[in-house]
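Peer 1: This is the structure, below, for whatever I ask next.
Read-outs throughout are calculated quantities, based only on the coordinates presented, and are distinct from any laboratory measurement. Please read all numbers here as calculations on a predicted model, not as lab measurements. Cβ coordinates were reconstructed from backbone atoms using ideal geometry, including for glycine residues, and neighbour counts include every protein chain displayed.
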Amino acid sequence: AMLTTFNEVDMSAVMALRAKYKDVFEKKHGVKLGFMGFFTKAVTHALKEIPAVNAEIDGTDIIYKNFAHVGVAVGTDKGLVVPVVRDADQMSIAEIEKEIGRLGLAARDGKLSVADMQGGTFTISNGGVYGSLMSTPILNAPQSGILGMHKIQDRPMVVGGQIVIRPMMYLALSYDHRIVDGKEAVTFLVRVKESLEDPERLVLDL
């Protein structure tokens, strides 16, 4: 059975880091610093801690992967495609952004190879680019997990007893309950949230 668990993330820290370094990042690496690099890195960190989310069922066996090939859903004129960032867990945020840029361009030009589309162990879907506030993303079989990103929206939050306005995003994790139990799913999503709310952890590999 496929289930979905939800959380929300305060994007203030990632947005501040991006604003501070986006110009020098683009100058050095030749690609824009988006949010996908941070999300992909956060996911690979969480997958290492909760390996069930990176597993798949093959007949009567559960296969656990010791690598993270992260599929990133891209909208094209011909529909949604999911090219794969291979060994994303071994990459820096800059390397991830470069590869997502390459795959995105190839997808929009209709030049993705079969190899670009195969072998994903986990998927990230960003409905936020279309304005989606919340959704339940559908699993990309045989994967056991998919993370849904959504629109960033300013909302009132209580911080230290005070109401403050924060840029918030709902996160959704759909998962295969045959492989992943509720505790693992919730812990995975909380780890992604924690990494994004304190992105220095991603840079320092914490």
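Peer 1: So which of 32/193; 28/193; 28/48 end up more than 26 Å apart by C-alpha?
Peer 2: Beyond 26 Å: 28/193; 28/48.
Peer 1: Hey, for a label at residue 57 modelled as a point 7 Å past Cα toward Cβ, could you say which residues of region 171-206 have their backbone N under 19 Å away?
Peer 2: Answer for this model: 174-186.
Peer 1: Grab the beta carbon distance between residue 106 and residue 181, set R0 = 41 Å, and tell me the FRET efficiency rounded to 0.05.
Peer 2: 0.65
Peer 1: Magnitude of the Cβ-charge dipole of the chain, K/R +1 and D/E -1, about the Cα centre, nearest 20 debye?
Peer 2: 600 debye
Peer 1: May I ask for the Rg/Rh ratio of the chain, computed from Cα atoms with Rh as the Kirkwood radius, given to two decimals?
Peer 2: Taking Rh as the inverse mean 1/r over Cα pairs, Rg/Rh reads 0.96.
Peer 1: Residue 27: which lysines have alpha carbons under 22 Å from its alpha carbon, excluding same-chain residues fewer than 8 sequence positions away?
Peer 2: Counting by Cα, and skipping residues close in sequence, residue 27 has these lysines nearby: 41, 98.
Peer 1: Please compute the modelled spin-label separation between residue 22 and residue 78, points set 7 Å along Cα→Cβ, answer in nm with one decimal.
Peer 2: 3.2 nm
Peer 1: Still on this structure: Using 7 Å Cα-to-Cβ label points, what is the residue 157/residue 138 separation (nm, one decimal)?
Peer 2: The two pseudo-label positions are separated by 3.2 nm.
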